[in-house]
Amino acid sequence: MAPGGALRVLVCGDVEGRLGSLYSRVQAVQSKSGPFDLLLCVGNFFGSAQDPEWEQYQTGAKKDASGCELAENITYLGRKGVFSGASGLQIAYLSGTESTGGEPTPAHCFSTKDVTDLKTSLLSTSKFKGVDILLTSSWPKGVEIFGNSPGDIDTKKCGSGLVSLLAASLKPRYHFAALQKVYYERLPYRNHAVLQEAAQHVSRFIALAGVGNSNKRKVQRVPGTFLSPLMRIIKVITISLMETSQLFVFLLTFFAVCFLQYLYAFSILPMSSMEPIELVKQPQDVTENPYRRPGGGKSCAHLLPNEKEELAPQFFFDLSSKPKGRKRRPEGGEGQQPKRAPNKPPLPTAACWFCLASPEVEKHLVVSIGTHCYLALAKGGLTPDHVLILPIGHCQSMVDLASEVVEEVEQYKSALKRFFGARGKRFVAFERNYRSQHLQLQVVPVPLNCCTTEDIKEAFIVQAEEQRIELLEIPEHSALKQIVQPGTPYFYVELDNGEKLFHRIRKSFPLQFGREVLASEAILGMPGRADWRSCQAGQEEEATAAQDFRQAFEPFDLVQED
(Lines give C-alpha, C1' and ligand atoms only; values in the text may rest on other atoms or scores of the structure.)
Protein backbone atom coordinates (compact mmCIF):
# COMPACT_ATOMS: atom_id res chain seq x y z
CA MET A 1 0.00 0.00 0.00
CA ALA A 2 1.26 3.46 -0.92
CA PRO A 3 2.05 6.18 1.67
CA GLY A 4 -0.90 7.57 3.54
CA GLY A 5 -3.00 4.43 3.09
CA ALA A 6 -3.77 5.04 -0.60
CA LEU A 7 -4.13 2.04 -2.87
CA ARG A 8 -2.81 1.90 -6.41
CA VAL A 9 -5.39 0.34 -8.69
CA LEU A 10 -5.45 -0.77 -12.33
CA VAL A 11 -8.81 -1.22 -14.07
CA CYS A 12 -9.13 -3.07 -17.35
CA GLY A 13 -11.87 -3.16 -19.99
CA ASP A 14 -13.12 -6.20 -21.95
CA VAL A 15 -10.44 -8.91 -21.77
CA GLU A 16 -12.27 -11.33 -24.10
CA GLY A 17 -9.74 -14.07 -23.38
CA ARG A 18 -6.67 -12.02 -24.32
CA LEU A 19 -4.90 -12.83 -21.06
CA GLY A 20 -1.47 -12.93 -22.64
CA SER A 21 -1.83 -9.36 -23.97
CA LEU A 22 -3.26 -8.15 -20.68
CA TYR A 23 -0.53 -9.65 -18.48
CA SER A 24 2.20 -8.56 -20.85
CA ARG A 25 1.00 -4.97 -20.54
CA VAL A 26 0.51 -5.17 -16.77
CA GLN A 27 3.99 -6.65 -16.36
CA ALA A 28 5.49 -3.80 -18.42
CA VAL A 29 3.69 -1.22 -16.32
CA GLN A 30 4.75 -2.75 -13.04
CA SER A 31 8.38 -3.16 -14.13
CA LYS A 32 8.54 0.63 -14.62
CA SER A 33 6.51 1.90 -11.69
CA GLY A 34 6.26 -0.92 -9.19
CA PRO A 35 3.34 -3.24 -8.49
CA PHE A 36 -0.27 -2.21 -8.02
CA ASP A 37 -2.57 -3.38 -5.24
CA LEU A 38 -5.48 -4.48 -7.42
CA LEU A 39 -6.29 -5.25 -11.02
CA LEU A 40 -10.04 -5.01 -11.65
CA CYS A 41 -11.60 -6.27 -14.89
CA VAL A 42 -15.00 -5.13 -16.20
CA GLY A 43 -16.99 -6.20 -19.22
CA ASN A 44 -16.64 -9.40 -21.22
CA PHE A 45 -13.83 -11.41 -19.63
CA PHE A 46 -13.78 -14.80 -21.36
CA GLY A 47 -14.60 -14.04 -24.99
CA SER A 48 -15.11 -17.16 -27.09
CA ALA A 49 -15.95 -20.23 -25.04
CA GLN A 50 -13.33 -22.19 -27.04
CA ASP A 51 -10.56 -19.62 -26.68
CA PRO A 52 -7.32 -21.68 -26.71
CA GLU A 53 -5.33 -19.04 -24.83
CA TRP A 54 -7.75 -19.07 -21.88
CA GLU A 55 -7.72 -22.89 -21.83
CA GLN A 56 -3.95 -22.88 -21.40
CA TYR A 57 -4.18 -20.62 -18.36
CA GLN A 58 -7.14 -22.55 -16.97
CA THR A 59 -5.32 -25.88 -17.14
CA GLY A 60 -2.14 -24.40 -15.69
CA ALA A 61 -0.06 -24.79 -18.85
CA LYS A 62 0.57 -21.03 -18.65
CA LYS A 63 0.97 -18.88 -15.56
CA ASP A 64 0.90 -15.15 -14.92
CA ALA A 65 3.96 -12.93 -14.60
CA SER A 66 4.54 -13.72 -10.92
CA GLY A 67 4.42 -17.47 -11.50
CA CYS A 68 1.12 -18.01 -9.64
CA GLU A 69 -1.65 -20.26 -10.93
CA LEU A 70 -3.85 -17.86 -12.82
CA ALA A 71 -7.09 -19.81 -12.52
CA GLU A 72 -6.77 -19.87 -8.75
CA ASN A 73 -5.95 -16.16 -8.54
CA ILE A 74 -8.86 -14.91 -10.59
CA THR A 75 -11.89 -14.13 -8.43
CA TYR A 76 -15.36 -13.78 -9.85
CA LEU A 77 -17.20 -11.55 -7.40
CA GLY A 78 -20.68 -12.78 -8.27
CA ARG A 79 -23.96 -11.50 -9.67
CA LYS A 80 -24.12 -8.49 -7.35
CA GLY A 81 -22.75 -7.42 -4.02
CA VAL A 82 -20.13 -5.45 -2.13
CA PHE A 83 -16.46 -6.28 -1.69
CA SER A 84 -14.85 -4.66 1.37
CA GLY A 85 -11.09 -4.95 1.61
CA ALA A 86 -8.93 -4.88 4.72
CA SER A 87 -7.90 -1.32 3.79
CA GLY A 88 -11.51 -0.16 4.06
CA LEU A 89 -11.94 0.21 0.29
CA GLN A 90 -15.54 -0.59 -0.64
CA ILE A 91 -16.33 -1.91 -4.13
CA ALA A 92 -19.91 -2.47 -5.27
CA TYR A 93 -20.51 -4.59 -8.38
CA LEU A 94 -23.34 -5.65 -10.69
CA SER A 95 -22.64 -8.36 -13.25
CA GLY A 96 -23.97 -8.78 -16.76
CA THR A 97 -26.42 -6.77 -18.84
CA GLU A 98 -29.96 -5.63 -18.11
CA SER A 99 -32.59 -8.32 -18.56
CA THR A 100 -35.15 -7.71 -21.28
CA GLY A 101 -37.85 -9.45 -19.26
CA GLY A 102 -38.99 -12.95 -18.54
CA GLU A 103 -38.32 -15.29 -15.67
CA PRO A 104 -36.01 -16.62 -14.56
CA THR A 105 -33.42 -13.94 -15.27
CA PRO A 106 -30.57 -15.37 -17.39
CA ALA A 107 -27.27 -15.92 -15.58
CA HIS A 108 -25.55 -13.20 -17.63
CA CYS A 109 -28.25 -10.59 -16.89
CA PHE A 110 -29.47 -8.55 -13.94
CA SER A 111 -32.99 -7.51 -13.05
CA THR A 112 -34.77 -4.75 -11.16
CA LYS A 113 -34.76 -7.01 -8.10
CA ASP A 114 -30.97 -7.36 -8.25
CA VAL A 115 -30.56 -3.59 -8.26
CA THR A 116 -33.11 -3.11 -5.48
CA ASP A 117 -31.45 -5.76 -3.29
CA LEU A 118 -28.01 -4.21 -3.77
CA LYS A 119 -29.29 -0.72 -3.00
CA THR A 120 -31.15 -1.91 0.10
CA SER A 121 -28.12 -3.74 1.48
CA LEU A 122 -26.07 -0.55 1.44
CA LEU A 123 -28.59 2.22 2.03
CA SER A 124 -29.97 0.50 5.12
CA THR A 125 -26.84 1.65 6.96
CA SER A 126 -27.50 5.06 8.54
CA LYS A 127 -23.90 6.22 8.03
CA PHE A 128 -23.80 5.33 4.34
CA LYS A 129 -22.21 8.11 2.26
CA GLY A 130 -21.41 6.20 -0.91
CA VAL A 131 -19.01 3.58 -2.21
CA ASP A 132 -15.44 4.03 -3.38
CA ILE A 133 -15.82 2.08 -6.63
CA LEU A 134 -18.77 0.78 -8.64
CA LEU A 135 -18.15 -1.89 -11.31
CA THR A 136 -20.76 -2.66 -13.97
CA SER A 137 -20.58 -4.15 -17.45
CA SER A 138 -23.20 -1.83 -18.93
CA TRP A 139 -22.98 1.91 -19.26
CA PRO A 140 -25.59 3.94 -17.36
CA LYS A 141 -28.28 5.55 -19.51
CA GLY A 142 -27.97 9.33 -19.76
CA VAL A 143 -24.50 9.54 -18.22
CA GLU A 144 -23.51 12.23 -20.73
CA ILE A 145 -26.25 14.67 -19.60
CA PHE A 146 -24.64 17.95 -18.44
CA GLY A 147 -21.23 16.51 -19.36
CA ASN A 148 -18.90 15.95 -22.29
CA SER A 149 -20.06 13.87 -25.25
CA PRO A 150 -19.17 10.16 -25.56
CA GLY A 151 -18.95 10.52 -29.33
CA ASP A 152 -21.13 8.19 -31.35
CA ILE A 153 -22.20 6.12 -28.33
CA ASP A 154 -25.98 6.46 -27.82
CA THR A 155 -26.72 5.65 -24.19
CA LYS A 156 -30.45 5.78 -24.86
CA LYS A 157 -29.95 2.57 -26.84
CA CYS A 158 -27.01 0.84 -25.16
CA GLY A 159 -27.21 2.27 -21.65
CA SER A 160 -29.11 0.78 -18.74
CA GLY A 161 -31.63 2.80 -16.74
CA LEU A 162 -31.17 0.39 -13.83
CA VAL A 163 -27.44 1.10 -13.78
CA SER A 164 -28.23 4.84 -13.74
CA LEU A 165 -30.55 4.27 -10.79
CA LEU A 166 -27.85 2.27 -8.99
CA ALA A 167 -25.16 4.89 -9.62
CA ALA A 168 -27.45 7.67 -8.39
CA SER A 169 -28.14 5.76 -5.17
CA LEU A 170 -24.64 4.42 -4.40
CA LYS A 171 -22.77 7.66 -5.26
CA PRO A 172 -19.54 5.93 -6.32
CA ARG A 173 -16.38 7.99 -6.34
CA TYR A 174 -15.34 5.96 -9.40
CA HIS A 175 -17.71 4.09 -11.70
CA PHE A 176 -16.20 1.78 -14.35
CA ALA A 177 -17.98 0.06 -17.25
CA ALA A 178 -17.12 -1.50 -20.61
CA LEU A 179 -18.79 -3.45 -23.51
CA GLN A 180 -18.92 -0.52 -25.98
CA LYS A 181 -15.24 -0.93 -26.97
CA VAL A 182 -14.45 2.77 -26.59
CA TYR A 183 -12.69 4.85 -23.97
CA TYR A 184 -14.76 7.63 -22.40
CA GLU A 185 -14.01 9.59 -19.26
CA ARG A 186 -16.88 11.82 -18.26
CA LEU A 187 -16.34 15.08 -16.43
CA PRO A 188 -16.82 14.53 -12.68
CA TYR A 189 -20.33 15.22 -11.41
CA ARG A 190 -21.59 16.31 -8.01
CA ASN A 191 -23.93 14.33 -5.74
CA HIS A 192 -25.69 17.28 -4.13
CA ALA A 193 -27.83 20.21 -5.23
CA VAL A 194 -25.89 23.47 -5.04
CA LEU A 195 -27.19 25.92 -2.42
CA GLN A 196 -29.80 23.35 -1.28
CA GLU A 197 -27.88 20.41 0.21
CA ALA A 198 -24.65 19.89 2.13
CA ALA A 199 -21.64 19.29 -0.10
CA GLN A 200 -20.84 15.67 -0.95
CA HIS A 201 -18.01 13.96 -2.83
CA VAL A 202 -17.99 13.92 -6.62
CA SER A 203 -18.36 10.87 -8.87
CA ARG A 204 -16.28 9.98 -11.93
CA PHE A 205 -17.49 7.67 -14.70
CA ILE A 206 -14.89 5.93 -16.89
CA ALA A 207 -15.73 3.52 -19.71
CA LEU A 208 -12.88 1.36 -21.00
CA ALA A 209 -12.16 -0.18 -24.39
CA GLY A 210 -11.17 -3.80 -24.96
CA VAL A 211 -7.72 -5.27 -24.35
CA GLY A 212 -5.40 -4.60 -27.27
CA ASN A 213 -7.19 -1.43 -28.36
CA SER A 214 -4.22 0.94 -28.40
CA ASN A 215 -5.11 2.88 -31.55
CA LYS A 216 -7.60 5.24 -29.83
CA ARG A 217 -10.35 4.25 -32.24
CA LYS A 218 -13.62 2.52 -31.60
CA VAL A 219 -13.44 -1.26 -32.15
CA GLN A 220 -16.53 -3.03 -33.42
CA ARG A 221 -17.98 -5.72 -31.16
CA VAL A 222 -17.37 -9.29 -32.31
CA PRO A 223 -20.76 -10.78 -33.27
CA GLY A 224 -21.96 -13.64 -31.12
CA THR A 225 -19.58 -12.99 -28.25
CA PHE A 226 -21.04 -14.40 -25.05
CA LEU A 227 -21.49 -11.69 -22.43
CA SER A 228 -20.15 -13.65 -19.49
CA PRO A 229 -20.50 -12.27 -15.96
CA LEU A 230 -17.94 -9.57 -15.28
CA MET A 231 -15.69 -8.28 -12.63
CA ARG A 232 -12.81 -10.39 -11.58
CA ILE A 233 -10.25 -9.22 -9.10
CA ILE A 234 -6.74 -10.52 -9.58
CA LYS A 235 -4.91 -11.20 -6.34
CA VAL A 236 -3.77 -8.39 -4.08
CA ILE A 237 -0.09 -7.61 -4.41
CA THR A 238 1.86 -6.40 -1.39
CA ILE A 239 4.18 -3.53 -2.30
CA SER A 240 6.70 -1.46 -0.41
CA LEU A 241 6.52 2.28 0.05
CA MET A 242 7.50 4.29 -3.01
CA GLU A 243 10.51 6.54 -2.99
CA THR A 244 10.33 9.93 -4.69
CA SER A 245 11.89 8.65 -7.90
CA GLN A 246 9.42 5.76 -8.02
CA LEU A 247 6.52 8.16 -7.53
CA PHE A 248 7.71 10.23 -10.48
CA VAL A 249 7.87 7.14 -12.68
CA PHE A 250 4.42 6.13 -11.48
CA LEU A 251 2.95 9.49 -12.49
CA LEU A 252 4.47 9.18 -15.96
CA THR A 253 3.17 5.66 -16.27
CA PHE A 254 -0.24 6.78 -15.06
CA PHE A 255 -0.72 9.11 -18.01
CA ALA A 256 0.70 6.61 -20.48
CA VAL A 257 -1.61 3.86 -19.22
CA CYS A 258 -4.71 6.07 -19.30
CA PHE A 259 -4.26 6.72 -22.99
CA LEU A 260 -4.09 3.01 -23.82
CA GLN A 261 -7.87 3.16 -23.40
CA TYR A 262 -8.27 -0.34 -21.98
CA LEU A 263 -6.24 0.23 -18.81
CA TYR A 264 -6.85 2.93 -16.26
CA ALA A 265 -4.48 3.58 -13.36
CA PHE A 266 -5.26 5.65 -10.31
CA SER A 267 -4.50 6.00 -6.63
CA ILE A 268 -7.35 6.06 -4.13
CA LEU A 269 -7.60 6.54 -0.38
CA PRO A 270 -10.65 4.70 1.00
CA MET A 271 -13.52 7.02 1.86
CA SER A 272 -13.57 5.71 5.41
CA SER A 273 -10.02 7.01 5.94
CA MET A 274 -10.54 10.52 4.57
CA GLU A 275 -11.24 13.74 6.39
CA PRO A 276 -14.72 15.07 5.44
CA ILE A 277 -13.34 18.38 4.21
CA GLU A 278 -10.97 16.58 1.82
CA LEU A 279 -13.62 14.13 0.65
CA VAL A 280 -16.09 16.81 -0.49
CA LYS A 281 -13.64 19.05 -2.35
CA GLN A 282 -15.11 19.96 -5.73
CA PRO A 283 -12.86 20.00 -8.83
CA GLN A 284 -13.09 23.01 -11.12
CA ASP A 285 -14.67 21.04 -13.98
CA VAL A 286 -17.44 19.41 -11.90
CA THR A 287 -20.89 19.26 -13.52
CA GLU A 288 -24.43 18.59 -12.38
CA ASN A 289 -25.55 15.05 -11.62
CA PRO A 290 -26.85 13.45 -14.84
CA TYR A 291 -29.28 11.19 -13.00
CA ARG A 292 -31.19 13.73 -10.92
CA ARG A 293 -34.37 15.38 -12.06
CA PRO A 294 -34.43 19.17 -12.53
CA GLY A 295 -34.85 21.15 -9.34
CA GLY A 296 -32.64 18.87 -7.27
CA GLY A 297 -35.05 15.92 -7.34
CA LYS A 298 -33.59 12.47 -6.72
CA SER A 299 -35.72 10.45 -9.12
CA CYS A 300 -34.14 8.57 -12.03
CA ALA A 301 -37.49 7.57 -13.49
CA HIS A 302 -36.76 9.51 -16.67
CA LEU A 303 -33.83 7.14 -17.35
CA LEU A 304 -35.57 3.85 -16.71
CA PRO A 305 -36.52 1.46 -19.55
CA ASN A 306 -39.49 2.23 -21.81
CA GLU A 307 -39.18 5.97 -21.33
CA LYS A 308 -41.51 8.02 -23.52
CA GLU A 309 -39.69 10.55 -25.62
CA GLU A 310 -41.43 13.90 -25.79
CA LEU A 311 -41.31 15.67 -29.14
CA ALA A 312 -40.94 19.42 -28.91
CA PRO A 313 -43.45 21.40 -30.95
CA GLN A 314 -42.08 22.64 -34.27
CA PHE A 315 -42.85 26.03 -35.76
CA PHE A 316 -42.49 27.60 -39.17
CA PHE A 317 -41.73 31.29 -39.45
CA ASP A 318 -41.11 33.58 -42.41
CA LEU A 319 -38.38 36.18 -42.06
CA SER A 320 -39.63 37.94 -45.20
CA SER A 321 -36.42 36.91 -46.91
CA LYS A 322 -35.08 33.75 -48.49
CA PRO A 323 -35.67 31.01 -45.87
CA LYS A 324 -32.64 29.02 -44.93
CA GLY A 325 -31.61 26.38 -42.48
CA ARG A 326 -33.23 23.28 -41.11
CA LYS A 327 -36.69 22.69 -42.53
CA ARG A 328 -39.72 22.53 -40.26
CA ARG A 329 -43.09 21.21 -41.20
CA PRO A 330 -45.67 24.04 -41.12
CA GLU A 331 -48.22 23.00 -38.50
CA GLY A 332 -50.60 25.89 -39.08
CA GLY A 333 -50.15 29.37 -40.46
CA GLU A 334 -48.61 32.40 -38.84
CA GLY A 335 -50.33 33.28 -35.60
CA GLN A 336 -51.54 29.70 -35.00
CA GLN A 337 -50.05 27.37 -32.42
CA PRO A 338 -49.66 23.66 -33.24
CA LYS A 339 -50.92 21.02 -30.88
CA ARG A 340 -48.63 20.81 -27.89
CA ALA A 341 -46.98 17.63 -26.66
CA PRO A 342 -48.23 16.50 -23.23
CA ASN A 343 -46.59 17.87 -20.09
CA LYS A 344 -45.32 20.98 -21.87
CA PRO A 345 -45.47 24.39 -20.14
CA PRO A 346 -48.90 26.01 -20.53
CA LEU A 347 -49.48 28.64 -23.16
CA PRO A 348 -49.76 32.25 -21.95
CA THR A 349 -53.19 33.48 -20.96
CA ALA A 350 -52.68 36.64 -23.03
CA ALA A 351 -50.80 37.48 -26.21
CA CYS A 352 -47.04 37.05 -25.72
CA TRP A 353 -44.62 39.43 -27.43
CA PHE A 354 -41.97 36.71 -27.71
CA CYS A 355 -43.73 33.48 -28.76
CA LEU A 356 -42.57 33.14 -32.35
CA ALA A 357 -45.96 31.99 -33.63
CA SER A 358 -47.70 34.93 -31.97
CA PRO A 359 -48.90 37.85 -34.12
CA GLU A 360 -47.49 40.16 -31.42
CA VAL A 361 -43.84 39.20 -32.11
CA GLU A 362 -41.82 41.91 -33.87
CA LYS A 363 -40.48 39.73 -36.66
CA HIS A 364 -38.29 42.46 -38.16
CA LEU A 365 -35.96 42.03 -35.13
CA VAL A 366 -35.48 38.26 -35.63
CA VAL A 367 -32.00 37.39 -36.92
CA SER A 368 -31.83 33.58 -36.67
CA ILE A 369 -34.23 30.68 -36.12
CA GLY A 370 -33.09 27.29 -34.90
CA THR A 371 -35.12 24.19 -34.15
CA HIS A 372 -36.15 25.12 -30.60
CA CYS A 373 -34.86 28.69 -30.14
CA TYR A 374 -34.46 31.89 -32.05
CA LEU A 375 -32.24 34.96 -31.87
CA ALA A 376 -33.49 38.55 -32.04
CA LEU A 377 -32.06 41.99 -31.56
CA ALA A 378 -33.12 43.54 -28.25
CA LYS A 379 -35.62 46.36 -28.61
CA GLY A 380 -33.94 49.43 -27.19
CA GLY A 381 -30.69 47.52 -26.84
CA LEU A 382 -27.75 48.74 -24.80
CA THR A 383 -25.57 48.38 -27.90
CA PRO A 384 -26.42 47.82 -31.59
CA ASP A 385 -25.53 44.12 -31.22
CA HIS A 386 -27.37 43.49 -27.93
CA VAL A 387 -29.35 40.29 -28.66
CA LEU A 388 -31.86 37.96 -27.00
CA ILE A 389 -31.89 34.17 -27.06
CA LEU A 390 -35.53 33.06 -26.80
CA PRO A 391 -37.39 29.73 -26.95
CA ILE A 392 -39.71 29.41 -29.95
CA GLY A 393 -42.53 28.00 -27.82
CA HIS A 394 -43.76 29.58 -24.63
CA CYS A 395 -41.46 29.05 -21.63
CA GLN A 396 -41.05 31.44 -18.75
CA SER A 397 -37.45 30.76 -17.72
CA MET A 398 -34.35 28.63 -18.22
CA VAL A 399 -35.59 26.35 -15.45
CA ASP A 400 -38.68 25.45 -17.51
CA LEU A 401 -36.81 24.42 -20.66
CA ALA A 402 -36.69 20.84 -21.93
CA SER A 403 -33.21 19.33 -22.30
CA GLU A 404 -33.16 19.66 -26.09
CA VAL A 405 -34.02 23.37 -25.82
CA VAL A 406 -31.29 23.91 -23.22
CA GLU A 407 -28.84 22.25 -25.59
CA GLU A 408 -29.72 24.65 -28.39
CA VAL A 409 -29.50 27.65 -26.04
CA GLU A 410 -25.95 26.52 -25.25
CA GLN A 411 -25.19 26.24 -28.96
CA TYR A 412 -26.40 29.79 -29.55
CA LYS A 413 -24.33 31.02 -26.62
CA SER A 414 -21.20 29.36 -28.04
CA ALA A 415 -21.88 30.84 -31.48
CA LEU A 416 -22.30 34.34 -30.02
CA LYS A 417 -19.09 34.00 -27.99
CA ARG A 418 -17.19 33.19 -31.18
CA PHE A 419 -18.93 35.97 -33.08
CA PHE A 420 -18.27 38.66 -30.48
CA GLY A 421 -14.73 37.37 -29.89
CA ALA A 422 -13.95 37.82 -33.58
CA ARG A 423 -15.11 41.44 -33.27
CA GLY A 424 -12.97 42.20 -30.18
CA LYS A 425 -15.76 41.92 -27.65
CA ARG A 426 -16.52 39.71 -24.68
CA PHE A 427 -19.79 37.90 -23.94
CA VAL A 428 -22.04 38.73 -20.95
CA ALA A 429 -25.47 37.12 -20.53
CA PHE A 430 -28.16 37.62 -17.91
CA GLU A 431 -31.73 36.52 -17.22
CA ARG A 432 -34.36 38.06 -14.93
CA ASN A 433 -37.09 35.57 -14.11
CA TYR A 434 -39.26 38.13 -12.33
CA ARG A 435 -42.27 39.99 -13.69
CA SER A 436 -41.56 38.51 -17.10
CA GLN A 437 -43.79 36.21 -19.13
CA HIS A 438 -41.41 34.64 -21.65
CA LEU A 439 -37.75 33.66 -21.21
CA GLN A 440 -35.39 36.36 -22.48
CA LEU A 441 -31.71 35.49 -22.15
CA GLN A 442 -30.06 38.85 -22.75
CA VAL A 443 -26.61 38.79 -24.35
CA VAL A 444 -24.63 42.04 -24.29
CA PRO A 445 -21.19 42.34 -25.94
CA VAL A 446 -18.62 44.43 -24.05
CA PRO A 447 -15.50 45.70 -25.91
CA LEU A 448 -12.31 44.07 -24.66
CA ASN A 449 -10.64 47.46 -24.19
CA CYS A 450 -13.44 48.62 -21.87
CA CYS A 451 -12.74 46.30 -18.98
CA THR A 452 -11.79 42.76 -17.98
CA THR A 453 -14.11 39.91 -17.07
CA GLU A 454 -13.07 40.40 -13.44
CA ASP A 455 -14.08 44.08 -13.68
CA ILE A 456 -17.56 43.08 -14.88
CA LYS A 457 -17.91 40.54 -12.09
CA GLU A 458 -16.85 43.11 -9.50
CA ALA A 459 -19.28 45.70 -10.90
CA PHE A 460 -22.21 43.30 -10.47
CA ILE A 461 -21.13 42.38 -6.93
CA VAL A 462 -20.55 46.00 -5.84
CA GLN A 463 -23.89 47.27 -7.19
CA ALA A 464 -25.66 44.26 -5.69
CA GLU A 465 -24.21 45.07 -2.27
CA GLU A 466 -25.26 48.71 -2.61
CA GLN A 467 -28.85 47.61 -3.29
CA ARG A 468 -28.75 44.87 -0.63
CA ILE A 469 -29.02 42.10 -3.21
CA GLU A 470 -27.41 38.80 -2.23
CA LEU A 471 -25.48 37.80 -5.35
CA LEU A 472 -23.93 34.34 -4.96
CA GLU A 473 -21.32 32.71 -7.15
CA ILE A 474 -22.31 29.28 -8.45
CA PRO A 475 -20.06 26.66 -10.12
CA GLU A 476 -19.37 27.01 -13.83
CA HIS A 477 -21.06 23.74 -14.78
CA SER A 478 -23.99 24.22 -12.41
CA ALA A 479 -27.42 24.11 -14.07
CA LEU A 480 -30.12 26.45 -12.81
CA LYS A 481 -32.53 23.50 -12.78
CA GLN A 482 -30.47 21.99 -9.98
CA ILE A 483 -30.66 25.18 -7.89
CA VAL A 484 -34.23 26.48 -8.15
CA GLN A 485 -37.62 24.95 -8.69
CA PRO A 486 -39.75 26.02 -11.68
CA GLY A 487 -41.71 29.16 -10.85
CA THR A 488 -39.10 30.51 -8.44
CA PRO A 489 -38.11 34.13 -9.26
CA TYR A 490 -34.37 34.64 -9.77
CA PHE A 491 -31.70 36.70 -11.53
CA TYR A 492 -28.47 35.30 -12.89
CA VAL A 493 -25.43 36.51 -14.83
CA GLU A 494 -23.01 34.43 -16.90
CA LEU A 495 -19.58 35.80 -17.81
CA ASP A 496 -17.43 34.84 -20.79
CA ASN A 497 -15.14 32.66 -18.64
CA GLY A 498 -18.10 30.53 -17.52
CA GLU A 499 -18.47 32.08 -14.06
CA LYS A 500 -22.06 32.61 -12.91
CA LEU A 501 -23.65 34.89 -10.32
CA PHE A 502 -27.09 34.09 -8.93
CA HIS A 503 -29.74 35.80 -6.80
CA ARG A 504 -32.95 34.21 -5.55
CA ILE A 505 -35.61 36.94 -5.66
CA ARG A 506 -37.77 36.81 -2.52
CA LYS A 507 -39.72 40.11 -2.43
CA SER A 508 -38.84 42.70 -5.04
CA PHE A 509 -36.06 43.29 -7.54
CA PRO A 510 -35.00 46.29 -9.68
CA LEU A 511 -36.20 45.42 -13.19
CA GLN A 512 -33.30 47.10 -14.98
CA PHE A 513 -30.54 45.82 -12.67
CA GLY A 514 -28.63 43.89 -15.37
CA ARG A 515 -28.72 46.83 -17.78
CA GLU A 516 -27.84 49.32 -15.03
CA VAL A 517 -24.65 47.44 -14.17
CA LEU A 518 -23.50 47.04 -17.77
CA ALA A 519 -24.44 50.62 -18.71
CA SER A 520 -22.56 52.04 -15.71
CA GLU A 521 -19.38 54.10 -15.99
CA ALA A 522 -17.41 51.09 -14.77
CA ILE A 523 -18.37 49.03 -17.85
CA LEU A 524 -19.89 50.62 -20.99
CA GLY A 525 -19.97 54.19 -19.69
CA MET A 526 -23.51 54.91 -20.90
CA PRO A 527 -25.74 55.11 -17.79
CA GLY A 528 -28.41 56.96 -19.76
CA ARG A 529 -29.20 53.74 -21.67
CA ALA A 530 -30.04 51.69 -18.56
CA ASP A 531 -33.78 51.89 -19.35
CA TRP A 532 -34.65 50.26 -22.69
CA ARG A 533 -37.60 52.60 -23.24
CA SER A 534 -35.24 55.56 -23.64
CA CYS A 535 -33.24 53.72 -26.30
CA GLN A 536 -35.95 52.73 -28.78
CA ALA A 537 -35.48 53.41 -32.47
CA GLY A 538 -37.93 53.46 -35.35
CA GLN A 539 -39.01 50.21 -37.01
CA GLU A 540 -37.14 50.98 -40.23
CA GLU A 541 -33.91 51.64 -38.31
CA GLU A 542 -34.41 48.46 -36.27
CA ALA A 543 -35.01 46.41 -39.44
CA THR A 544 -31.80 47.75 -41.00
CA ALA A 545 -29.82 46.95 -37.83
CA ALA A 546 -31.25 43.42 -37.79
CA GLN A 547 -30.34 42.88 -41.44
CA ASP A 548 -26.77 44.08 -40.80
CA PHE A 549 -26.45 41.79 -37.78
CA ARG A 550 -27.90 38.83 -39.69
CA GLN A 551 -25.35 39.18 -42.48
CA ALA A 552 -22.41 39.58 -40.09
CA PHE A 553 -23.53 36.67 -37.89
CA GLU A 554 -24.24 34.25 -40.74
CA PRO A 555 -20.79 32.51 -40.71
CA PHE A 556 -21.30 31.75 -37.00
CA ASP A 557 -25.02 30.90 -37.16
CA LEU A 558 -26.38 27.51 -36.08
CA VAL A 559 -28.64 27.48 -39.10
CA GLN A 560 -26.86 26.34 -42.23
CA GLU A 561 -28.09 25.96 -45.79
CA ASP A 562 -29.37 22.47 -46.54
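Based on alpha-carbon positions alone, could you give the equivalent ellipsoid semi-axes of the stretch 148-187 from the gyration tensor, as √(5λ), descending, whole Å?
Semi-axes (√(5λ), whole Å): 18, 13, 9.
May I ask which of 181/417; 156/481; 119/481; 157/363; 141/281 have a Cα-Cα span longer than 28 Å here? Working shown, then result.
Working: 181/417 35 Å; 156/481 22 Å; 119/481 26 Å; 157/363 40 Å; 141/281 26 Å.
Table pairs above 28 Å Cα-Cα are 181/417; 157/363.
Using modelled backbone amide H atoms (1.01 Å from N, in-plane), which distant-in-sequence or interchain residues come within less than 5 Å of residue 81's amide H?
It is 93, by chain and number.
How big is the stretch 425-491 by Rg and Dmax over its Cα atoms, in Å?
So, for the stretch 425-491, Rg and Dmax equal 13.5, 38 Å respectively.
Taking only the alpha-carbon positions of the stretch 487-544 and ignoring solvent, what does the Debye formula give for the base-10 log of I(q)/I(0) at q = 0.12, 0.17, 0.19, 0.29 Å⁻¹?
Reported log10 I(q)/I(0), two decimals: -0.43, -0.77, -0.88, -1.11.
Please report, in whole Å, how far the alpha carbons of the stretch 354-413 spread along each principal axis, starting with the longest.
The Cα atoms of the stretch 354-413 stretch 30, 25, 18 Å along the principal axes, largest first.
Which far-off residues, 5 or more places away or on another chain, put their amide H under 5 Å from the one on residue 7, with H placed in the peptide plane?
268, 269
Please report how far the C-alpha centroid of the stretch 361-384 lies from that of the stretch 426-474, rounded to the nearest whole angstrom.
Taking the Cα centre of the stretch 426-474 as reference, the centre of the stretch 361-384 is 20 Å away.
Rolling a 1.4 angstrom probe over the protein heavy atoms, how many square angstrom per residue are accessible across the stretch 342-484?
I get 40 Å² per residue for the stretch 342-484.
For residue 123 and residue 448, calculate 0.36 nm times their separation in residues minus their Cα-Cα distance, and state this gained length in nm to one decimal.
The span from residue 123 to residue 448 would gain 111.8 nm if fully extended.
When the expected Rg is taken as 2.2 N^0.38 Å, what fraction or multiple of it is the alpha-carbon Rg of the stretch 429-562?
1.16
Please give the solvent-accessible surface of residue 372 in Å², to the nearest 10, using a probe radius of 1.4 Å with every protein chain present.
About 40 Å², ignoring ligands and nucleic acids.
Leaving out ligands, DNA and RNA, and with a 1.4 Å probe, what % of the accessible surface on the stretch 348-468 is carbon or sulfur? Write out the running numbers ahead of the final one.
Working: 2250 of 4620 Å².
Answer for the stretch 348-468 is 49 percent, counting heavy atoms of protein chains only.
The values are calculated or read from the model by the stated rules, or taken from the named source; none is laboratory data. The shown structure was predicted, so the numbers you read here are calculated from the model rather than taken from an experiment. Protein only, heavy atoms only, side chains kept; ligands, DNA and RNA dropped before computing areas. Shrake-Rupley method; radii C 1.70, N 1.55, O 1.52, S 1.80 Å.
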